[in-house]
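Taken together, the values in this text are just the output of simple stated rules run on the coordinates, not laboratory data. Everything numeric in this text was worked out from a predicted model, so none of it was measured. Reconstructed Cβ throughout: ideal geometry from the backbone, glycine too, with neighbour counts over all protein chains shown.
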Amino acid sequence: MTNLTILGAGAMAAAISVPLARNGHAVNICGTEFDKSIIDALKAGQPHPTLKATIKANFFYENELEAALKDSEIVVFAVTSSGLRSTARKAKPFLANQIIINVAKGFDSGQTMIEVLEQELPGLQKVTIAGPSIAAEVAQEHRTHVVFASKEKSAAKLCKKVFQNKNYRVEVSNDAIGAEICSALKNVYAIAINIGKNNNHRSALFTQSLAEMSEFVKAFGGKAKTVYGLAGLGDLHVTSQGGRNGMLGQAIASGKKPSEALAELKEKNITVEGYAAAK
């Protein structure tokens, strides 16, 4: 049994706990300042408000961060890209030699999420999770295939042993930068693809997006192979089928200004990572 702490209590944070609980590990979920109502519900034994799924874990509020991290061997950062740096700074005093896993997808001041964590938490081994992974499907234990990428391949392999089961399958890669860039850019391209006027148009945009993603990844020192695997092609496909970023693209395609579409999504508590990543 491994002790893990997940920082964040949103849909993906809760979903990622499901395979861990299935594998018999001890899981703590610690919410951020934005997650109080979610933690309230989970502590009361209610389903996760977004996932509508029962989550098996120990639940902590933001001010209980030290207790949540006590004895943890692996720490999963499952917050928005804009909140990753501040969450890392808050957690740093309570971290020693844990393996750090990143689930956030995006950029922060031109840095990838792993680069942010390298800057804020130097000396700790880091793994990023990439690939087609819809939170609701992970929570419902539908078959999912993802990539665990890390410069320290031994850390990725260890995490694979902890997470993998018959429904949550893991590939290991040493191309962390490629996986991170794919994860961030697929959200941008999902917006663009969904602005397409018909299936032919969207398919053309999908093809061009993949080609452009490959150029970005190679420019940053990543591998083209990563783009045409789960982290790139796989995640771009599932994200472009809908989801939050697709919803923004569809709203723009219907004639709404991006600012109008974003305001409507914000009213529904929907964060669109691709909008910030596009900038």
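Which entry is the computed mean projected area of the Cα convex hull in nm² for this structure: (1) 15.8; (2) 20.0; (3) 13.6?
Checking each listed value against the structure points to (3).
Of the GluC sites (Glu not before Pro) in the stretch 93-188, which ones lie in a loop per DSSP and count no more than 15 other C-beta atoms within 10 Å?
152
What is the set of long-range amide H partners of residue 54 at a cut-off below 5 Å, with H atoms built 1.01 Å from backbone N?
48
How would you order 35-43, 194-202 from highest to lowest mean count of nearby Cβ atoms within 10 Å?
35-43, 194-202
Which cross-chain or sequence-distant (5 or more) residues have an amide H under 5 Å from the amide H of residue 171, H modelled 1.01 Å from N in plane?
Placed amide hydrogens put 146, 147, 148 under 5 Å from residue 171.
Among 53-59, 185-191, 263-269, 101-107, how do they line up from the highest to the lowest mean number of other beta-carbon atoms within 10 Å?
Result, highest mean Cβ count within 10 Å first: 185-191, 101-107, 53-59, 263-269.
Measure nothing fancy, just the Cα-based angle from helix 176-193's long axis to the longest principal axis of the chain, in degrees from 0 to 90, nearest 10.
Result, in degrees: 50.
Decide, for the stretch 55-163, between rounded, prolate and oblate: order the square roots of the alpha carbon gyration tensor eigenvalues as a ≥ b ≥ c, take rounded if a/c falls under 1.5, and otherwise choose prolate if a/b is larger than b/c, else oblate.
rounded
How big is the stretch 152-196 in terms of Cα radius of gyration and Dmax, in angstroms?
Radius of gyration, then largest Cα-Cα span, for the stretch 152-196: 14.4, 42 Å.
Explain nothing, just compute: Karplus ³J(HN,Hα) = 6.51 cos²θ - 1.76 cosθ + 1.60, θ = phi - 60°, for every residue of the stretch 2-19 in order, whole Hz, x for Gly and Pro.
Whole-Hz 3J(HN,Hα) from phi for the stretch 2-19: 10, 8, 10, 10, 9, 9, x, 9, x, 4, 6, 4, 5, 4, 5, 6, 5, x.
Classify the stretch 141-228 as rounded, prolate or oblate, taking a ≥ b ≥ c as the square roots of the eigenvalues of its Cα gyration tensor: rounded when a/c is under 1.5, otherwise prolate if a/b is larger than b/c and oblate if not.
oblate
Check the straight Cα-Cα distances from residue 105 and name the aspartates and glutamates below 16 Å, setting aside those fewer than 8 residues away within the same chain.
By straight Cα distance, residue 105 reaches 115, 118, 175, 180, 235, 273.
Of all DSSP beta bridges in the chain, what percent run antiparallel (nearest 5)?
Rounded to the nearest five, the antiparallel share is 15 percent.
Helix 243-253 versus the longest principal axis of the chain: what is the Cα-based angle in degrees, 0 to 90, to the nearest 10?
Taking the Cα atoms of the chain, the angle to 243-253 is about 30 degrees.
So for the stretch 58-148: antiparallel DSSP bridges make up what percent, rounded to the nearest 5?
Around 35 percent antiparallel, to the nearest 5.
Among all lysine pairs in the stretch 189-279 that are eight or more places apart or on different chains, how many have alpha carbons less than 28 angstrom apart?
Lysine pair count for the stretch 189-279: 16.
About its Cα centre, what dipole magnitude does the stretch 27-134 give when the only charges are +1 on Lys and Arg Cβ and -1 on Asp and Glu Cβ, stated in debye to the nearest 20?
Rounded to the nearest 20 debye, it is 220 debye.
Got a sec to turn the phi values of the stretch 117-125 into Karplus ³J(HN,Hα) couplings, 6.51 cos²θ - 1.76 cosθ + 1.60 with θ = phi - 60°, whole Hz, x for Gly and Pro?
5, 4, 5, 7, 10, x, x, 9, 5
Residue by residue through the stretch 262-279, which ³J(HN,Hα) values in whole Hz follow from phi under the Karplus form 6.51 cos²θ - 1.76 cosθ + 1.60 (θ = phi - 60°), with glycine and proline marked x?
Going residue by residue, I get 5, 5, 5, 5, 5, 4, 8, 6, 9, 9, 10, 5, x, 5, 5, 5, 4, 4 Hz, with x marking Gly and Pro.
Taking the Cα atoms only, what angle lies between the long axis of helix 199-219 and the longest principal axis of the chain, rounded to 10 degrees?
So the inclination is approximately 60 degrees.
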